[in-house]
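Structure first, then comments.
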Amino acid sequence: MASRIIPVDPFDLVIFGGTGDLARRKILPALYRRFWAGQIPPEVAIIGAARSDLDDAQYRAFAREAIEEFVSEVKRVPATVEAFLGRLRYVVIDARGETGWAELSRLMRADVDHAFYFSVGPSLFGDLAQRLRDNGMAGPEARIVVEKPFGHDLASARALNRTLAQHFDEAQIYRIDHYLGKETVQNLMAIRFGNMLFEPLWNAQYIDHIQITVAETVGVGGRGPYYDRSGAMRDMVQNHMMQLLCLIAMEPPSHFDPDAVRDEKLKVIRALDALGPEDIVRGQYCADDGVPGYLTDVDSRDSTTESFVALRLAVSNWRWKGTPFYLRTGKRMRARTSEIAITFKEPPHSIFGVQKGQAPNVLVIKLQPNEGITLNVTIKEPGPGGMRLIEVPLDMSFAEALGPEAQDIPDAYERLIMDVIRGNQTLFMRGDEVEAAWAWTDPIIAGWEAREDRPRPYDAGSSGPEDSLMLMHRDGRRWREVRP
Ligand code: NAD
């Protein structure tokens with residue numbers, strides 16, 4: 001199947017923080033891959049802008065290494081790599097001073113769109129926006145891309161929104177949540193709204209419950225001090241998991257356009273019930289078999305930050321009344337896996353009597369490690385011997401259905417950067433969405449602080465603290481196994 005790649009118009013992209021970890025691992029390789037695919041035209045200009053004292057040649061060497069490390073060999077065609085590197089420039093810039101701004105402004109071309117990727121710590125977002133305005137680079141042709149975290153709580157998110165709004169319209173601001181760039185997440189919308197099969201059943205009458213799991217095997221690694229101020233709730237739930245929940249729970253928008261989709265997502269966040277202590281389990285991983293525990297990783301004796309959290313949520317509206325959403329995320333868990341599992345109700349009456357093999361239908365949307373969608377259905381076990389039922393997966397893995405090209409699913413950053421260039425904000429969070437998510441999260445965190453809540457310890461390599469199993473058992477349900 002031939003892919004339809006529609007090239008975008010030439011553009012200028014500035015990567016503030018162009019020498020950082022995110023630029024090296026994600027942004028530069030993503031840009032190269034789209035260049036290789038022919039979507040980014042040869043007239044593009046990509047400008048790294050950061051504090052390090054580099055020149056163009058040194059920045060190209062940095063980008064070459066990033067491509068060698070993070071782009072697959074088949075795509076590293078020497079002539080294409082050289083052509084891409086030839087489009088890179090570098091400017092030494094100080095977000096908080098005057099260095100570099102005049103030079104950057106000179107490099108920007110008058111007749112193309114401009115995108116500015118803020119791949120720096122959030123404390124610099126306001127400075128960058130201000131200096132872009134002061135140096136005449138905040139015109140209507142400009143878009144800014146803002147990385148996470150977007151605020152630490154409602155007050156800081158509001159302040160950040162206000163600061164950015166002084167310099168840019170909402171239509172120019174792209175708040176990245178890379179989960180929304182994943183192919184399967186968008187497929188979730190295609191499945192829901194492009195088929196007749198699912199949407200009529202997509203409600204509390206037919207769906208028993210929904211589980212969203214984001215499990216990591218790694219600990220906090222080098223991000224110790226940052227993570228310890230944040231924790232799983234701020235780092236994963238308030239943004240990524242909330243976004244996934246919104247896409248599952250939202251009403252069908254009238255069009256697939258940015259505001260129609262984001263209006264519906266916002267309604268979901270506003271319909272979330274406040275949580276009580278009985279709806280939440282927090283955990284912190286312990287040392288295990290020579291692997292350090294959380295406290296060692298963050299260099300603290302008494303941190304009460306959670307590296308795991310499990311929640312039972314209720315979306316209070318007609319569609320979802322009575323269907324709980326269970327969310328859990330954690331570090332140092334048994335396997336690296338991210339999935340959404342939608343468990344349908346049992347048939348109201350079994351004509352086969354009580355049967356071991358009969359299980360409810362489960363639609364599993366797998367985001368990591370391999371993207372794909374599976375629907376578990378009950379069928380008759382083949383062969384003679386009467387009507388024995390078994391559960392089998394109807395596997396909608398893209399690779400088999402769509403051929404070899406589908407194995408080459410673009411990375412989330414590739415899609416999102418191209419959406420910025422095309423001016424499509426559908427997969428980016430709007431300011432009011434982010435604020436609503438914080439408005440729901442803040443009281444939960446404030447409750448822990450007021451109660452001096454201590455996270456439950458859990459073994460590294462486990463499924464999280466025992467109490468998180470109870471969260472489900474209490475409702476007569478079970479978590480799905482954490483497996484790759
Ligand atoms: P990093 O520390 O590796 O890089 C920071 C970059 O900012 C460097 O290029 C540095 O030169 C530049 N910088 C710092 N101070 C500056 C100043 N005053 N003026 C100009 N440039 C300055 O950080 P990172 O890991 O690349 O993260 C960048 C942003 O992306 C952060 O907001 C982070 O939260 C977010 N993020 C990173 C990742 C990741 O995987 N690294 C993932 C998600 C989000």
Does D56 qualify as being away from the ligand (no atom under 12 Å from the Cβ) and either touching a Phe, Trp or Tyr at 6+ places or on another chain (Cβ under 8 Å) or farther than 22 Å from R422 by Cβ (or both)?
-> yes
For the stretch 373-397, enumerate the residues that are assigned to a loop (DSSP other than H, G, I, E, B) and among the hydroxyl-bearing types (S, T, Y).
-> S397
Out of all the residues in the stretch 435-456, is one or more of a type in the set (S, T, N, Q), in the same structural domain as V309 (by TED's automatic domain parsing), modelled with pLDDT of 95 or more and under 27 Å from V145 (Cβ atoms)?
-> yes
Sole miss for V218 among (1) within 16 Å of the ligand (Cβ to nearest atom); (2) not in a loop (DSSP other than H, G, I, E, B) is condition (2)
Out of the residues in the stretch 143-194 that are among the β-branched types (V, I, T) and in a helix (DSSP H, G or I), state the one that is farthest from the ligand (Cβ to nearest atom).
-> I191
With criteria (1) in a helix (DSSP H, G or I); (2) of a type outside the set (D, E, K, R); (3) over 24 Å from G231 (Cα atoms), H209 comes up short on (1)
Which residues, taken from the stretch 375-421, are among the aliphatic types (A, V, I, L, M), closer than 26 Å to R25 by Cβ and modelled with pLDDT under 90?
-> A399, A406, I409
Within the stretch 161-178, tally of residues that are touching a strand residue (DSSP E or B) at 6+ places or on another chain (Cβ under 7 Å) and either at pLDDT below 95 or not β-branched (V, I, T) (or both) = 6
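The values are calculated or read from the model by the stated rules, or taken from the named source; none is laboratory data. Note that the coordinates shown come from a computational prediction; the quantities given were computed from them, not determined experimentally. Cβ coordinates were reconstructed from backbone atoms using ideal geometry, including for glycine residues, and neighbour counts include every protein chain displayed.
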